[in-house]
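Heads up: the structure comes next, in structure tokens.
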Amino acid sequence: MTVRRQIVTLLLAACLLGLLVDAAPAAGPGGAAPDTIVLPGTPPTIVRVGNPLLSAAGDGISFAAHATALVRGRVRIAGSAPTTSGAVRVEQLDPLQGWVVAVAAAPVAADGSFHAIWRPKRPGSTQLRVVAGAASGSSAGAAGDTPAGTSPQLSLTVYRPGVASWYGPGAYGRTTSCGVVLRPTTIGVAHRTLPCGTQVAMYYRGRTLAVPVIDRGPFVPGRSWDLTLATFHALGGGSEGLLTLGALALPAATPARR
């Protein structure tokens with residue numbers, strides 16, 4: 001192979017490599033998938049980005065809803081069902097009573113579509129299902145009226161809304177009420193009553209991360225949380241002084257039995 005042919009071959013290979021690199025999906029910071037952000041630390045902090053649309057199907061019914069909701073917020077539930085159903089009802093699973101009173105209902109349109117609105121009343125992980133038939137009375141949707149496992153079900157997370165401020169500058173190097181030395185990179189939150197070390201899931205405009213309680217506060221009326229500045233930025237806070245976000249205290253991990 002002549003020198004000229006070698007040069008042409010190398011140039012073609014370089015161009016092809018460039019095209020492959022440009023076509024490859026861009027990874028997030030730290031090599032993470034596009035739906036996560038990894039913040040440095042020990043251990044690193046994982047910020048999940050997005051509020052995915054979940055879907056389920058079964059018993060001739062399909063429906064979809066977003067994975068994250070806020071207490072008293074509007075959750076849109078849309079799907080399709082047999083037109084012979086006339087209507088559908090959305091039921092919520094109660095840990096003690098099973099599938100109880102319907103939390104929403106909607107008529108089935110001529111094309112089989114339906115749209116319902118659910119307003120969660122309490123925070124936490126919850127399950128919804130959609131069954132055929134309109135709600136009727138306080139016993140509608142009681143456990144057992146629809147065979148288990150046939151109706152489509154989804155698991156959603158409901159957060160309690162609250163106002164959060166941020167703090168940090170001027171206090172770096174000091175020890176918090178929970179014994180943590182506050183630094184510019186410290187991820188954590190202050191709360192008035194939750195035990196130190198409690199993990200709290202925070203949700204703001206499609207970003208979710210779990211942070212520990214490291215301090216006491218805020219002590220200003222109308223505020224529920226005080227974020228470290230690093231946490232504030234991790235959630236996507238910009239020039240705002242206050243954020244209205246969703247929060248959910250996570251259950252403590254159960255020690256493994258030996």
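No lab work stands behind these numbers, since they all come straight from the coordinates. Model, not experiment: these values are computed from the prediction. Note that we place each Cβ from the backbone using ideal geometry, even for glycine, and neighbour counts take in every protein chain shown.
Remarks
- Anisotropy class of segment 160-249 from Cα gyration tensor, a/c 1.5 cut: rounded
- Average Cα contact separation per residue, segment 160-249, under 8 Å, 6 or more apart, as relative contact order %: 42
- Label-point separation in nm, Thr36 to Arg74, each point 7 Å along Cα→Cβ: 3.4
- Here the extension length gained between Leu93 and Ala67 equals 7.8 nm, from 0.36 nm per residue of separation less the Cα-Cα distance.
- Hypothetical label at Ser55: residues of segment 149-190 whose amide nitrogen lies under 15 Å (7 Å Cα-Cβ projection): 152-154
- Taking Val75, Val181 and counting other C-beta atoms within 10 Å, the order from fewest to most: Val181, Val75
- Centre separation in Å (Cα based) which lies between segment 29-90 and segment 174-191: 32
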